[in-house]
Amino acid sequence: MRVWFLCKVKYAKENEQGLLKNVSEQYLVDAVSFTEAEARIYDMLGSTIRGDFQVTNISKSNFVDVFPYEDIDIWHKCKITYTVADGDSGKEKKVTQYMLVTAHDVKEAYERIHESLSNMLVTFRVPDITESPIVEVFPYEHEDEELLPPPPSNLKPLSEVKAEQERREAARQETQERLEAIEEPKLVEYEEEEEGNLDN
């Protein structure tokens with residue numbers, strides 16, 4: 001499951017009159033930690049923002065999914081609700097989730113979120129849609145995987161570790177069985193002769 005981090009960025013942006021004005025913008029980043037979210041936002045914006053910029057805040061968002069459409073870059077926040085049966089009590093439980101979709105207006109966002117969730121197995125409602133201040137969303141792409149550090153060389157797949165443990169256990173049992181098969185040498189006890197017999 002993806003984890004989305006909301007990053008607030010402050011920088012000097014040139015307006016229509018050619019003057020620089022300090023602005024604060026929000027970006028959504030797919031990352032596994034706060035540290036990686038910060039690294040990714042600096043990497044993504046370093047080539048697009050002219051001059052210096054500062055990441056003023058990073059927080060974990062409550063978005064569970066995003067649905068971009070190529071014809072527009074205006075993001076809309078959609079509130080999704082549905083009910084599921086509780087596994088223990090069997091009672092119905094209301095679930096609320098938030099998702100993002102790009103659209104020209106709220107009406108189109110409503111249509112597109114239904115289109116994007118058409119494969120859901122439960123009936124859902126969309127009680128609220130608002131235009132989001134998020135400027136851009138950075139999901140993981142294949143080339144972004146290079147940003148992740150490689151796993152340590154001393155780590156092995158779990159399957160190999162379990163196989164090694166099974167081999168060691170089998171060897172230990174075999175050694176134990178061999179030891180048990182070897183009969184212990186019988187100790188012969190010699191009784192000391194009575195002193196009387198020695199005198200004869």
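Nothing in this text is a laboratory measurement; each read-out follows from the coordinates by a stated rule. What you see is a predicted model; the values in this text were computed from it and never measured. Every residue, glycine as well, gets a Cβ built from its backbone with ideal geometry; the counts of neighbours run over all protein chains shown.
Worth a mention:
- Hits in region 26-54 - residues which are farther than 21 Å from residue 141 by Cβ and out of contact with any helix residue (DSSP H, G or I) (no Cβ under 7 Å at 6 or more places or on another chain): 50, 51, 52, 54
- Search result, residues across region 56-72 that are under 27 Å from residue 35 (Cβ atoms) and either in contact with a helix residue (DSSP H, G or I) (Cβ under 7 Å, 6 or more places away or on another chain) or of a type in the set (Gly, Ala, Ser) (or both): 58, 59, 61
- Residues of region 74-119 satisfying the condition of being of a type in the set (A, V, I, L, M), assigned to a strand (DSSP E or B) and under 23 Å from residue 26 (Cα atoms): 80, 99, 100, 101
- So residue 60, is it within 22 Å of residue 74 (Cα to Cα) and surrounded by 14 or more Cβ atoms within 10 Å (Cβ to Cβ): no
- Taken over region 3-17, residues that are part of a loop (DSSP other than H, G, I, E, B) and charged (D, E, K, R) amount to 1.
- Residue in region 49-73 that is farthest from residue 95 (Cα to Cα), counting only those that are assigned to a loop (DSSP other than H, G, I, E, B) and under 20 Å from the mean Cα position of the chain (by Cα): 61
- Any hit, region 37-52, residues being touching a strand residue (DSSP E or B) at 6+ places or on another chain (Cβ under 8 Å), under 14 Å from residue 3 (Cβ atoms) and of a type in the set (Ser, Thr, Tyr): no
- Some residue of region 119-129 being in contact (Cβ under 8 Å) with a residue 12 or more places away in the chain, within 30 Å of residue 10 (Cβ to Cβ) and surrounded by 16 or more Cβ atoms within 10 Å (Cβ to Cβ): yes
- Region 120-134 - residue that is polar (S, T, N, Q) and not in a strand (DSSP E or B) and, of those, farthest from the chain's Cα centre (by Cα): 123
- Cβ separations smaller than 7 Å between residues 6+ apart or across chains give the following pairs from region 30-45 residues that are over 18 Å from residue 64 (Cβ atoms) to residues that are aromatic (Phe, Trp, Tyr): 34/5; 40/138; 41/27; 44/138; 45/53.
- Just one of the listed residues (137, 122, 126) is in contact with a Pro (Cβ under 7 Å, 6 or more places away or on another chain) and not hydroxyl-bearing (Ser, Thr, Tyr), namely 137.
- The listed residue being farther than 25 Å from residue 131 by Cα, loosely packed, with under 14 Cβ neighbours inside 10 Å and over 26 Å from the mean Cα position of the chain (by Cα), out of 46, 90: 90
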